[in-house]
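> My questions all concern the structure below.
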Amino acid sequence: MSVQTRHFISIRTGRITLAAVLLALVLTLFISPDSYAMDKSEKMRWQLIFLSPYSGCTNYQYQMANAYDEITSKYFELYKFENSKYQPQCMPDKKYTHYQVPDDLDLIILVYDNEIGKRELHGNDVGGLYNHIGADKTRDHTIIICDCSNFGFSDPVWILSHELSHFITYYLGFDQSVVEDKIHSLGYKYDQCIEGSWEATCSSVLTHVYGDHYFTKATVMAPYEPAIGKKLFALENGTANDAITSDTVAGDASESVASSQLVMSMQKEITKWWLAGKINDTDYTKVLGYMVDKPGGMMTSDKLPPNVILFDGPDGIKENATFYDTGSEQKLKGSLLNRIPFKSENTTDLSGTIQIPQWFKSKAYWWSQDQVWSDKDFLNGIKQLFNIGIGK
C-alpha cells in the first residue's frame, strides 16, 4: 500500500468518502496481535544503582542503596506518580562499565560513593544532575547524585528530590519555566533558609517522607503542586465516556468521526499497519490529521529540547544557563556524562522527521486490539497528541 492512502479519508458535511482501493487493501491486511506487544500498565520503570570505588560493596553501601531506593519510591508517592522498578543494586564502578540497560528501563538513578562523587561531581561544582537524551521523552532519563557529606552542597536526599522533580515535570510535559526555573527557585530558597535565617515561607518549599524499612524520616523538596497526580495522557475535556464536541472533525457538528464504524475500522487497520512498521511516524500523523481536522498532519512544536542536562550547583549559588541541548554541547562538562548509559541516536537536524511518543503507541496498540481505549478515547488521544506536540 502506498503512503498516499492518507489522502483517501475525506470528511465533508457529515458524509464520509473512502476510496475503494483503500478499503480493498486494508481489508486484506493481516497483522498478528503479537507484532507489537505492549505492557498494559505502561508505568514508568526505573532502577537505582549505587557505585562503589572498591572491588566490592560494603554493608553500608548496600544499606544506602536500599535507603535511597525507598526514598525515591516515597517521593514518587508524594507526586502520585505511577511507576514500577527493578530492585536496587550496588556494584563496583568497574563492573558498571559492562552494565546493560534493560529494554524497558526509562529512568536510571546513579548514586556515587563519596570518593567518586567528590572527584567527579563536586570537583566540577555539581551536587547532582538530571539528564534526558532522545526524542522520546518517556525514556532515557538519568539522575546522578553523590552520597557525600553536604559541606558546600545541599543534603544528598534533598538533591535527589530536587532532581526527581526535574524529571517528573519534564516527563509530564511542563515547560521550561517549571522544569528548570520553578524547581531551581525552590532549591535556591531552601539553601537560603538553611544557610540564613528561617522564615515562615521556608516551610512551603519542603516536606517530609517517612520510611518503612531503610530510613525513618527525610526532608525533601515539596512537590510542584500542578504535577501531583497528573497523567502523561489526560482527557482534558472530560471523561473517556464523554462525547467529543469541542474539537470534532469538519462537517455536521452533530456527528463525530467516532460514530462511523467504517472510518474507525479503517483507522484501526491503518494503525496496525503503522505499529508493524509498514508506515513511518511522519506519514501516520498525516493520516491522524484527517481525524481531527488537521489534514496537513502538523503537530504543535515542542518547546523543550529533546536532549537536556540540569545541574544542581553549590549552596547559595543560583543556577542559570543550565537547560542545555546536549546535542550541541557534548563537550560541556564531558566527564559528568561518561556514566550515562543512554546515547543520543542522532544529534543532527530532525525537523523534518516526526517521532510519535511511546504513550500514544502503547494506547494505540491496545485500541487496535479492542482493549483499554474506546474509539472516543482514541480520538481524544489524537487531539492530545496534536495539542501538546510530539515527544511529550
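No value in this document is a laboratory result; all are computed from the given coordinates. This structure is a prediction, so every number in the text was calculated from the model and none was measured. Ideal geometry is used to build each Cβ from the backbone, glycine not excepted, and the neighbour counts take in all protein chains shown.
> In the structure displayed, which of Lys74/Lys137; Lys118/Lys182; Lys80/Lys182; Lys80/Lys376; Lys43/Lys74; Lys95/Lys137 lie more than 21 Å apart, Cα to Cα? Kindly include the intermediate steps, with their values, before the conclusion.
Details: Lys74/Lys137 23 Å; Lys118/Lys182 27 Å; Lys80/Lys182 19 Å; Lys80/Lys376 26 Å; Lys43/Lys74 16 Å; Lys95/Lys137 28 Å.
Too far apart for the 21 Å limit: Lys74/Lys137; Lys118/Lys182; Lys80/Lys376; Lys95/Lys137.
> Excluding Tyr130 itself, calculate the net charge of residues whose Cβ lies under 11 Å from the Cβ of Tyr130, where each Lys or Arg counts +1 and each Asp or Glu counts -1. Present the calculation step by step, with values, prior to reporting the outcome.
Numbers: positive: none; negative: Glu163, Glu180, Asp312.
Here the charged neighbours net out to -3.
> Based on Cβ point charges of +1 for Lys and Arg and -1 for Asp and Glu, what charge dipole magnitude is obtained for segment 101-219 about its Cα centre, in debye rounded to the nearest 20?
On the way: 7 positive and 19 negative charges, 52 e Å.
Rounded to the nearest 20 debye, it is 240 debye.
> May I ask you to sort Val157, Val205 by Cβ crowding, counting other Cβ atoms within 10 Å and putting the fewest first? Write down the numbers at each step before the final one.
Numbers: Val157 22, Val205 17.
Ascending number of Cβ neighbours within 10 Å: Val205, Val157.
> From the residues His122, Tyr99, Ile145, which one has its Cα farthest along the dipole of segment 96-158 in the positive direction, the dipole being from +1 and -1 charges on Cβ of Lys/Arg and Asp/Glu about the Cα centre?
Projecting each Cα onto the dipole axis, the largest value belongs to His122.
> Another question, if that's okay. Stretched out fully, how many nm does the piece from Gln100 to Ala222 gain, at 0.36 nm a residue minus the Cα gap? Mind dumping the intermediate values first?
Values: separation 122, 0.36 × 122 = 43.92 nm, distance 3.34 nm.
Gain on stretching Gln100 to Ala222: 40.6 nm.
> Got a sec? How would Cys193, Cys57 order by Cβ neighbour count within 10 Å, fewest to most? Mind showing how you got there, number by number?
Values: Cys193 16, Cys57 20.
Starting with the residue having the fewest Cβ neighbours, the order is Cys193, Cys57.
> Listing Ser84, Ser161, Ser154 from the residue with the fewest other Cβ atoms within 10 Å to the one with the most, what is the order? Provide the component values of the computation, followed by the final result.
Numbers: Ser84 13, Ser161 31, Ser154 23.
Ordered from fewest to most neighbouring Cβ atoms within 10 Å, Ser84, Ser161, Ser154 come out as Ser84, Ser154, Ser161.
> For segment 63-218, just say rounded, prolate or oblate: build the C-alpha gyration tensor, square-root its eigenvalues into a ≥ b ≥ c, call rounded for a/c under 1.5, and beyond that prolate if a/b exceeds b/c, oblate if not.
Numbers: a/c = 1.44, a/b = 1.23, b/c = 1.17.
In terms of gyration-tensor shape, rounded.
> Near the amide H of Gly127, under 5 Å away, which other amide H atoms are found, from residues 5 or more places off or on another chain, if H is placed in the peptide plane?
Here the answer is Asp312, Gly313, since their amide H atoms fall under 5 Å of that of Gly127.
> OK, next. In the neighborhood of Tyr112, defined by Cβ-to-Cβ distances under 10 Å, what is the net charge if each Lys or Arg adds +1 and each Asp or Glu adds -1? Could the numbers behind the result be given before it?
Details: positive: Lys118, Arg119, Arg339; negative: Asp93, Asp113, Glu115, Glu120, Asp147.
With Lys, Arg at +1 and Asp, Glu at -1, the neighbours total -2.
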